[in-house]
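In what follows, a structure is listed as structure tokens, so that the remarks can point back to it.
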Amino acid sequence: MAADSSAQCRVLFQTTDKAEEEPSQRKLGKLTVKYNRKDLQRRLDIEEWIDGQLHLLYDCEEEEIPELEIDIDELLELSDQDQRSKLQDLLQECCKPKEEFINGLLYRIKGLRKMSIPQRK
């Protein structure tokens with residue numbers, strides 16, 4: 001009889017274990033569908049490019065770069081001319097020529113989709 005109890009526990013343990021694995025796989029699937037990995041990687045690449053270019057433009061360490069917030073989603077909502085104006089306003093303290101940076105950024109964000117952010121209630 002003791003052998004039957006342990007076999008039964010083993011079967012229940014395995015069944016419970018499998019049931020716990022399925023929801024985590026489903027959550028991962030939803031995340032992949034909601035945020036396309038290719039889009040996320042492209043956005044990350046653009047942000048890293050921006051960071052590197054700001055270092056070159058300001059020619060200083062990260063701590064010394066003025067507080068700039070270049071919001072890609074905000075830029076995507078604007079017309080081409082408004083995007084350019086917004087970037088020129090943000091970079092007005094920069095003494096170096098910034099047209100190459102602005103042109104490069106506008107080229108990189110073309111075709112990028114705006115990421116939806118859940119709104120707080």
Label-point gap, in nm, between Glu93 and Glu74 - each point 7 angstrom along Cα→Cβ: 1.5
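May I ask you to compute the full-extension gain from Asn36 to Leu56, defined as 0.36 nm times their residue separation minus their alpha-carbon distance, rounded to one decimal in nm? Don't skip to the answer; put the middle values down first.
Working: separation 20, 0.36 × 20 = 7.20 nm, distance 3.07 nm.
Full extension from Asn36 to Leu56 adds 4.1 nm.
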Order by protection proxy (mean Cβ within 10 Å, highest first), peptides 98-105, 66-73: 98-105, 66-73
Taking the Cβ of Arg43 as the center, what net charge do the other residues with Cβ under 11 Å away carry, scoring Lys and Arg +1 and Asp and Glu -1? +1
By accessible area with a 1.4 Å probe, ligands and nucleic acids excluded, highest first: order of Arg43, Arg84: Arg84, Arg43
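The values are calculated or read from the model by the stated rules, or taken from the named source; none is laboratory data. Here the structure is a predicted model, which is why all the values come from computation and not from measurement. Don't worry about glycine lacking a Cβ; one is built from the backbone with ideal geometry, like all the others, and counts go over all protein chains shown. The protein model used for the area step is the full one, side chains on, heavy atoms only, and it has no ligands, DNA or RNA in it. Shrake-Rupley method; radii C 1.70, N 1.55, O 1.52, S 1.80 Å.
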